[in-house]
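The values are calculated or read from the model by the stated rules, or taken from the named source; none is laboratory data. Computed from a prediction, not measured in an experiment: that's the story for all the values here. Cβ placement follows ideal geometry from the backbone for every residue including glycine, while neighbour counts extend to all protein chains displayed. Please note that ligands, DNA and RNA were not included when accessible areas were found on the heavy atoms of the full protein model with its side chains. Shrake-Rupley method; radii C 1.70, N 1.55, O 1.52, S 1.80 Å.
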Amino acid sequence: MGKVLAVWSHTRRAGKSIIAYMLARNMAGNGKLRVLVCCLNYKCSSLYRMLDVEASATGLEELVNCGISANITDEFFPEIIPFSEDLFFLGSYKMTNSYASKNILQYADLFGRLKDSFDLILVDAASENENVLSRLILGTADIVIRLYCQDIENIMALQRGRGNLSPAYQQTVNLISQYRNIYPKAIDLRRRLGLDKLFTIEYCAILQEMINRGSLYKYTQMETGFNKSIEKISRHLRNALEIETCEKDTHNSFIGRIKRFSRLLK
(Lines give C-alpha, C1' and ligand atoms only; values in the text may rest on other atoms or scores of the structure.)
Protein backbone atom coordinates (compact mmCIF):
# COMPACT_ATOMS: atom_id res chain seq x y z
CA MET A 1 0.00 0.00 0.00
CA GLY A 2 1.26 3.49 -0.88
CA LYS A 3 2.07 6.30 1.53
CA VAL A 4 0.49 9.76 1.78
CA LEU A 5 2.66 12.85 2.17
CA ALA A 6 0.91 16.20 2.72
CA VAL A 7 2.47 19.64 2.24
CA TRP A 8 0.83 22.29 4.44
CA SER A 9 1.34 25.83 5.71
CA HIS A 10 -0.79 27.96 8.00
CA THR A 11 -0.34 30.89 5.57
CA ARG A 12 -0.89 31.19 1.82
CA ARG A 13 1.93 31.94 -0.63
CA ALA A 14 4.43 29.91 1.38
CA GLY A 15 5.47 27.96 -1.72
CA LYS A 16 3.42 24.78 -1.11
CA SER A 17 2.72 24.05 -4.76
CA ILE A 18 6.29 24.42 -6.00
CA ILE A 19 7.63 22.39 -3.06
CA ALA A 20 5.05 19.67 -3.76
CA TYR A 21 5.97 19.62 -7.46
CA MET A 22 9.73 19.51 -6.91
CA LEU A 23 9.52 16.83 -4.21
CA ALA A 24 7.25 14.71 -6.41
CA ARG A 25 9.62 14.96 -9.38
CA ASN A 26 12.63 14.08 -7.22
CA MET A 27 10.94 11.18 -5.44
CA ALA A 28 9.45 9.73 -8.62
CA GLY A 29 13.00 9.14 -9.86
CA ASN A 30 12.18 9.34 -13.59
CA GLY A 31 9.31 6.90 -13.29
CA LYS A 32 10.90 4.42 -10.87
CA LEU A 33 8.11 5.08 -8.37
CA ARG A 34 4.40 5.52 -9.06
CA VAL A 35 3.72 9.03 -7.76
CA LEU A 36 0.35 10.78 -7.73
CA VAL A 37 0.15 14.52 -7.00
CA CYS A 38 -3.16 15.81 -5.63
CA CYS A 39 -4.07 19.46 -5.22
CA LEU A 40 -6.78 20.40 -2.72
CA ASN A 41 -6.62 24.18 -3.27
CA TYR A 42 -9.71 24.15 -5.50
CA LYS A 43 -9.32 26.75 -8.27
CA CYS A 44 -6.32 28.49 -6.71
CA SER A 45 -3.71 26.03 -7.95
CA SER A 46 -0.59 26.64 -10.03
CA LEU A 47 0.06 22.89 -10.29
CA TYR A 48 -2.13 22.68 -13.38
CA ARG A 49 0.25 25.05 -15.17
CA MET A 50 3.39 23.45 -13.75
CA LEU A 51 2.31 20.02 -14.98
CA ASP A 52 0.68 21.32 -18.18
CA VAL A 53 -2.68 19.78 -17.28
CA GLU A 54 -5.92 21.38 -18.48
CA ALA A 55 -8.45 22.50 -15.85
CA SER A 56 -11.04 20.41 -17.72
CA ALA A 57 -9.04 17.20 -17.18
CA THR A 58 -10.30 14.45 -14.89
CA GLY A 59 -10.08 15.54 -11.26
CA LEU A 60 -11.04 14.31 -7.82
CA GLU A 61 -14.61 15.49 -8.19
CA GLU A 62 -15.20 13.42 -11.34
CA LEU A 63 -13.96 10.24 -9.67
CA VAL A 64 -16.31 10.74 -6.73
CA ASN A 65 -19.21 12.12 -8.77
CA CYS A 66 -19.27 9.10 -11.09
CA GLY A 67 -18.98 6.67 -8.20
CA ILE A 68 -15.89 5.42 -9.96
CA SER A 69 -14.07 4.40 -6.80
CA ALA A 70 -16.67 1.67 -6.23
CA ASN A 71 -17.19 0.53 -9.80
CA ILE A 72 -13.73 -0.07 -11.27
CA THR A 73 -10.62 -2.01 -10.44
CA ASP A 74 -7.54 -0.21 -9.13
CA GLU A 75 -5.62 -1.06 -12.31
CA PHE A 76 -7.92 1.24 -14.30
CA PHE A 77 -6.95 4.41 -12.39
CA PRO A 78 -3.77 5.10 -14.42
CA GLU A 79 -5.76 5.05 -17.66
CA ILE A 80 -8.11 7.86 -16.60
CA ILE A 81 -5.88 10.03 -14.39
CA PRO A 82 -3.89 12.78 -16.19
CA PHE A 83 -0.22 11.86 -16.63
CA SER A 84 2.60 14.38 -17.17
CA GLU A 85 6.38 14.34 -16.65
CA ASP A 86 6.40 10.92 -14.95
CA LEU A 87 3.72 12.12 -12.52
CA PHE A 88 0.00 11.47 -12.24
CA PHE A 89 -2.15 14.42 -11.21
CA LEU A 90 -5.60 14.93 -9.72
CA GLY A 91 -6.76 18.49 -9.10
CA SER A 92 -9.85 19.94 -7.50
CA TYR A 93 -10.63 22.77 -9.93
CA LYS A 94 -14.36 22.03 -10.16
CA MET A 95 -14.81 21.09 -6.51
CA THR A 96 -16.61 23.12 -3.87
CA ASN A 97 -16.38 22.86 -0.10
CA SER A 98 -20.08 22.02 0.22
CA TYR A 99 -19.72 19.17 -2.29
CA ALA A 100 -16.68 17.81 -0.44
CA SER A 101 -18.54 18.01 2.88
CA LYS A 102 -21.51 16.03 1.53
CA ASN A 103 -19.27 13.36 0.01
CA ILE A 104 -16.44 13.17 2.56
CA LEU A 105 -16.89 9.41 3.08
CA GLN A 106 -16.61 8.83 -0.68
CA TYR A 107 -13.42 10.90 -0.76
CA ALA A 108 -11.98 8.88 2.11
CA ASP A 109 -12.81 5.68 0.21
CA LEU A 110 -11.28 7.07 -3.00
CA PHE A 111 -7.97 7.92 -1.34
CA GLY A 112 -7.90 4.46 0.20
CA ARG A 113 -8.26 2.98 -3.28
CA LEU A 114 -5.63 5.31 -4.72
CA LYS A 115 -3.14 4.14 -2.08
CA ASP A 116 -3.44 0.66 -3.57
CA SER A 117 -2.46 1.98 -7.02
CA PHE A 118 0.44 4.32 -6.21
CA ASP A 119 3.69 4.11 -4.24
CA LEU A 120 3.31 7.71 -3.04
CA ILE A 121 0.47 10.24 -2.99
CA LEU A 122 1.85 13.74 -2.49
CA VAL A 123 -0.88 16.21 -1.52
CA ASP A 124 -0.79 20.00 -1.78
CA ALA A 125 -3.16 20.75 1.13
CA ALA A 126 -5.01 24.05 1.47
CA SER A 127 -4.05 26.49 4.21
CA GLU A 128 -7.66 27.42 5.01
CA ASN A 129 -9.13 25.62 8.04
CA GLU A 130 -12.55 25.37 6.40
CA ASN A 131 -11.26 23.17 3.57
CA VAL A 132 -12.78 19.86 4.70
CA LEU A 133 -10.88 17.71 2.22
CA SER A 134 -7.55 19.10 3.44
CA ARG A 135 -8.58 18.38 7.02
CA LEU A 136 -9.31 14.78 6.04
CA ILE A 137 -5.86 14.32 4.46
CA LEU A 138 -3.98 16.15 7.21
CA GLY A 139 -5.60 13.84 9.73
CA THR A 140 -4.69 10.65 7.90
CA ALA A 141 -1.39 11.39 6.08
CA ASP A 142 1.69 9.37 6.98
CA ILE A 143 3.81 12.54 7.13
CA VAL A 144 2.85 16.24 7.13
CA ILE A 145 5.43 18.70 5.80
CA ARG A 146 4.86 21.98 7.61
CA LEU A 147 6.17 25.00 5.68
CA TYR A 148 7.38 28.19 7.34
CA CYS A 149 8.00 31.56 5.74
CA GLN A 150 11.26 33.23 6.80
CA ASP A 151 9.47 36.31 8.03
CA ILE A 152 9.59 37.77 11.55
CA GLU A 153 5.89 38.71 11.61
CA ASN A 154 4.95 35.22 10.53
CA ILE A 155 7.20 33.71 13.19
CA MET A 156 5.69 35.92 15.92
CA ALA A 157 2.20 34.80 14.87
CA LEU A 158 3.33 31.18 15.04
CA GLN A 159 4.78 31.76 18.50
CA ARG A 160 1.43 33.06 19.78
CA GLY A 161 -0.27 29.90 18.56
CA ARG A 162 2.55 27.42 19.08
CA GLY A 163 0.26 25.03 20.94
CA ASN A 164 -1.65 24.65 17.68
CA LEU A 165 1.21 24.43 15.19
CA SER A 166 0.62 20.95 13.85
CA PRO A 167 -2.50 20.13 11.82
CA ALA A 168 -2.28 16.44 12.73
CA TYR A 169 -0.71 13.96 15.12
CA GLN A 170 1.25 12.19 12.39
CA GLN A 171 4.98 12.58 11.96
CA THR A 172 5.77 16.18 11.07
CA VAL A 173 8.67 17.51 9.00
CA ASN A 174 9.41 21.22 9.47
CA LEU A 175 10.65 23.12 6.45
CA ILE A 176 11.57 26.73 5.68
CA SER A 177 10.81 27.50 2.04
CA GLN A 178 12.79 30.16 0.11
CA TYR A 179 15.44 30.23 2.84
CA ARG A 180 18.01 33.06 2.71
CA ASN A 181 21.01 33.95 4.82
CA ILE A 182 19.08 36.63 6.70
CA TYR A 183 17.38 36.96 10.08
CA PRO A 184 15.55 35.03 11.40
CA LYS A 185 17.85 32.14 10.53
CA ALA A 186 17.04 28.47 10.94
CA ILE A 187 18.67 28.34 14.38
CA ASP A 188 16.44 31.24 15.54
CA LEU A 189 13.29 29.55 14.27
CA ARG A 190 14.29 26.27 15.83
CA ARG A 191 14.83 27.94 19.20
CA ARG A 192 11.74 30.18 19.13
CA LEU A 193 9.34 27.46 18.00
CA GLY A 194 10.90 24.62 19.99
CA LEU A 195 11.57 22.47 16.91
CA ASP A 196 13.98 19.55 17.18
CA LYS A 197 14.77 19.42 13.47
CA LEU A 198 14.25 22.00 10.78
CA PHE A 199 15.07 21.63 7.07
CA THR A 200 15.65 24.54 4.72
CA ILE A 201 15.03 24.95 0.99
CA GLU A 202 17.52 27.45 -0.38
CA TYR A 203 16.15 30.50 -2.19
CA CYS A 204 16.88 30.58 -5.93
CA ALA A 205 16.56 33.82 -7.90
CA ILE A 206 16.02 32.10 -11.25
CA LEU A 207 13.35 29.67 -10.06
CA GLN A 208 10.42 32.06 -10.59
CA GLU A 209 11.73 32.92 -14.04
CA MET A 210 11.78 29.22 -14.95
CA ILE A 211 8.23 28.86 -13.62
CA ASN A 212 7.07 31.80 -15.77
CA ARG A 213 8.73 30.27 -18.83
CA GLY A 214 7.14 26.89 -18.19
CA SER A 215 10.63 25.35 -17.90
CA LEU A 216 10.44 23.67 -14.49
CA TYR A 217 11.17 20.30 -16.09
CA LYS A 218 14.56 21.65 -17.20
CA TYR A 219 15.16 23.37 -13.88
CA THR A 220 14.98 20.09 -11.95
CA GLN A 221 18.18 18.99 -13.72
CA MET A 222 20.20 22.08 -12.90
CA GLU A 223 22.89 22.27 -10.19
CA THR A 224 21.38 24.77 -7.75
CA GLY A 225 21.21 25.15 -3.99
CA PHE A 226 17.44 24.78 -4.25
CA ASN A 227 17.70 21.41 -5.99
CA LYS A 228 20.31 20.19 -3.53
CA SER A 229 17.94 21.11 -0.70
CA ILE A 230 15.14 19.19 -2.40
CA GLU A 231 17.37 16.13 -2.76
CA LYS A 232 18.28 16.27 0.93
CA ILE A 233 14.70 16.45 2.17
CA SER A 234 13.66 13.77 -0.36
CA ARG A 235 16.23 11.34 1.05
CA HIS A 236 14.91 11.96 4.55
CA LEU A 237 11.31 11.41 3.40
CA ARG A 238 12.15 8.17 1.57
CA ASN A 239 13.75 6.80 4.72
CA ALA A 240 10.94 7.99 6.96
CA LEU A 241 8.25 6.56 4.67
CA GLU A 242 10.30 3.42 3.96
CA ILE A 243 9.73 3.83 0.23
CA GLU A 244 11.59 1.42 -2.05
CA THR A 245 14.24 3.28 -4.09
CA CYS A 246 15.91 0.43 -6.00
CA GLU A 247 16.15 0.43 -9.78
CA LYS A 248 13.14 -1.04 -11.53
CA ASP A 249 12.71 -2.58 -14.97
CA THR A 250 11.05 0.43 -16.59
CA HIS A 251 10.10 -1.55 -19.70
CA ASN A 252 7.81 -3.83 -17.70
CA SER A 253 7.09 -1.41 -14.88
CA PHE A 254 3.82 0.36 -14.15
CA ILE A 255 5.16 3.63 -15.61
CA GLY A 256 6.57 1.84 -18.64
CA ARG A 257 3.17 0.36 -19.42
CA ILE A 258 1.50 3.77 -19.15
CA LYS A 259 4.07 5.37 -21.47
CA ARG A 260 3.49 2.68 -24.07
CA PHE A 261 -0.29 3.08 -23.67
CA SER A 262 0.06 6.87 -24.17
CA ARG A 263 2.06 6.39 -27.36
CA LEU A 264 -0.67 4.12 -28.78
CA LEU A 265 -3.25 6.88 -28.28
CA LYS A 266 -1.24 9.46 -30.28
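Accessible surface comparison of Cys44, Cys39, probe 1.4 Å, protein chains only, largest first: the order is Cys44, Cys39. Evaluate E = 1/(1 + (r/R0)^6) for Ser56 and Arg180, where r is the Cβ-Cβ distance and R0 equals 35 Å; express this FRET efficiency to the nearest 0.05. Approximately 0.35, to the nearest 0.05.
Measuring only protein heavy atoms, the 1.4 Å probe finds Phe226 accessible over about 10 Å². Measuring from a point 7 Å past the Cα of Asn65 along Cα-to-C-beta, which residues in the range 105-130 have an amide N at less than 19 Å? Backbone N within reach: 105-111.
Note on Met222: accessible area is roughly 70 Å² with a 1.4 Å probe, heavy atoms of protein only. Taking amide H as placed 1.01 Å from N in the peptide plane, the amide H of Arg34 sits under 5 Å from that of Asp119, Leu120, each at least 5 places away or on another chain. Using a simple spin-label model with pseudo-atoms 7 Å out from Cα toward Cβ, Asn239 and Thr224 lie 2.6 nm apart.
Pairs exceeding 24 Å between alpha-carbon atoms, taken from Lys43/Lys102; Lys32/Lys94; Lys3/Lys102: Lys32/Lys94; Lys3/Lys102. For Arg12 and Arg213, calculate 0.36 nm times their separation in residues minus their Cα-Cα distance, and state this gained length in nm to one decimal. Between Arg12 and Arg213, full extension yields 70.1 nm more. Sorted from longest to shortest, the spans of the Cα atoms of the range 97-243 along the three principal axes equal 45, 41, 31 Å. Tally Lys/Arg at +1 and Asp/Glu at -1 over every other residue whose Cβ is under 11 Å from the Cβ of Tyr217; what's the total? Combined, the nearby Lys, Arg, Asp and Glu give 0.
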